[in-house]
Amino acid sequence: MKKRIFAALLALIVCLSTVTGCQKKLEPVKVESTTFAMDTIMSFTAYSWDERETRHLLDRLTDDLNALDKLLSVTREDSGLSRVNQSNGRPVKLEEYPGLVTPLYLALHLCEVTGGALDITAYPAVKAWGFTTGEHRVPETDELAELAKQIDYTAVSLEGDVVTLPAGMEIDLGAVAKGFAGDWLAEQARGAGVASALLDLGQSTIVAVGTKPGGSPWRIGIRDPAAEAGYFAVVELADMAMGTSGGYQRYFEQDGVTYWHILDPDTAAPARSGLASVTVVAPSAMDCDGLSTALFVMGLEEGAQFWRDHPELKFEAIFVTEDGKIYRTAGLEGSFSLAEGYEDREVTVLE
């Protein structure tokens, strides 16, 4: 009898050990998806216990992204935004494009809070420089002066779902569209129960949903604006977003001068603020994109003061000057580090 009991107990221990061992080996499945939207390649990575359901979710996110692209694109003639730009001064009721109201409202708010350093009405100037077509040119001084007169976000009226844009003006949401899309997609992922995902919307716009499986933060590299490739620093993200604006992203050269796509609304010409790139970390990807552009236009001193003056925006920033100096805000302590090969670079902490 004792032998039978002992054998039964031994079998039970072996069984429990096997089950426990299997449980330790169980890991969530990594599901990936890549698509082309908003003129760039985007990639999504999610971890889940249900691979099939997560693949369906990523397919739905891709459909949502295409719908947002059709809504927010300034270059698609059939987009909701193009409908506004083609209104020739007439009020446009957005009943056919209800999804355009929120991003327009949020973009105009960012224009206001940044004092116009971000201005979504700069599209005629962007076109004049050829950044939309690739047929680059340097406008004459008189032309730039006239273009600058057309840049004024305060002239845009948004009352409920009715938007009015003065004749001759055009809106471009390119500085915030990918960020808005990232916030939307992250919300959908969280609503579907995904606790671990990384949404890379291209052009340095990243949204981290939760952490990596196991609880460690996502580690995201920041490109060195002075190099063709490579990262000078790494930022750790957990349920946060990151966006970078830099002159190296879209530019052309003429007669030995480099002209980039980030325009100063006051001059309708490329912003010459002494900065090579600005990276913003915040809960909202749209804030990251819009603020990184605005801070690039402001420059280091004004941008650092803006950070101090607006704690309600809950953002942190990394500035890289044209001469290669690195500055970061104090709130990134513990989540910012220099990358391999850059450890000897000095980093100034902004308080």
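The values are calculated or read from the model by the stated rules, or taken from the named source; none is laboratory data. Here the structure is a predicted model, which is why all the values come from computation and not from measurement. When we count neighbours, we look across all protein chains shown, and the Cβ atoms used for this are built from the backbone with ideal geometry, even at glycine.
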Quiz item: Of all residues in region 129-144, which are surrounded by fewer than 19 Cβ atoms within 10 Å (Cβ to Cβ) and either of a type in the set (A, V, I, L, M, F, W, C) or not in a loop (DSSP other than H, G, I, E, B) (or both)?
Solution: V138, T141, D142, E143, L144
Self-check item: Single match in T114, T62 (criterion: over 18 Å from Y153 (Cβ atoms) and β-branched (V, I, T))
Solution: T62
Self-check item: Residue tally, condition of a type in the set (A, V, I, L, M) and out of contact with any strand residue (DSSP E or B) (no Cβ under 8 Å at 6 or more places or on another chain), over region 182-200
Solution: 1
Quiz item: Within region 24-37, is there a residue that is modelled with pLDDT of 90 or more and of a type in the set (F, W, Y)?
Solution: yes
Practice problem: Looking only at region 318-330, decide whether some residue is modelled with pLDDT of 95 or more, β-branched (V, I, T) and under 22 Å from F131 (Cα atoms). | Solution: no
Practice problem: Please state which of the following conditions F232 fails to meet, knowing it meets all the rest: (1) within 24 Å of G324 (Cα to Cα); (2) outside any strand (DSSP E or B). | Solution: (2)
Practice problem: Kindly indicate whether L147 is surrounded by 21 or more Cβ atoms within 10 Å (Cβ to Cβ), assigned by TED's automatic domain parsing to the domain that holds S87 and either outside any helix (DSSP H, G or I) or touching a residue at least 12 places away in the same chain (Cβ under 8 Å) (or both). | Solution: yes
Exercise. Scan region 259-266 and give yes if some residue there is of a type in the set (S, T, Y), assigned to a loop (DSSP other than H, G, I, E, B) and closer than 23 Å to H136 by Cα, otherwise no.
Key: no
Quiz item: Just for strands (runs of 3 or more DSSP E) wholly inside region 285-351: which have at least 3 residues that are more than 28 Å from P270 (Cα to Cα) and outside the structural domain of E112 (by TED's automatic domain parsing)?
Solution: 336-338
Quiz item: Identify, please: which residue in region 88-129 is basic (K, R) and farther than 15 Å from P270 by Cα and is, among those, nearest to the chain's Cα centre (by Cα)?
Solution: K93
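Per-residue answers, yes or no, for (1) of a type outside the set (S, T, Y); (2) surrounded by fewer than 20 Cβ atoms within 10 Å (Cβ to Cβ):
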residue	(1), (2)
A233	yes, no
S245	no, no
T258	no, yes
T267	no, yes
K314	yes, yes
T321	no, yes
Practice problem: Pick out the one residue from A197, A208, A276 that is within 30 Å of P28 (Cβ to Cβ), in a strand (DSSP E or B), hydrophobic (A, V, I, L, M, F, W, C) and free of Cβ contacts under 8 Å to residues at least 60 places away in the same chain. | Solution: A208
Quiz item: Out of all the residues in region 150-170, which are out of contact with any strand residue (DSSP E or B) (no Cβ under 8 Å at 6 or more places or on another chain), under 14 Å from Y105 (Cβ atoms) and assigned to a loop (DSSP other than H, G, I, E, B)?
Solution: G160
Exercise. Count, please, the residues in region 108-132 that happen to be of a type outside the set (V, I, T) and within 10 Å of D172 (Cα to Cα).
Key: 4
Quiz item: If you check every pair at least six apart or on different chains, which have Cβ atoms under 9 Å apart with a residue in region 173-192 that is of a type in the set (D, E) first and a residue that is in a helix (DSSP H, G or I) second?
Solution: D183/A285; D183/M286; D183/D287
Exercise. Give A241, A294, A271, A229 a once-over and let me know the one that is without any contact (Cβ under 8 Å) to a residue 12 or more places away in the chain and among the aliphatic types (A, V, I, L, M).
Key: A229
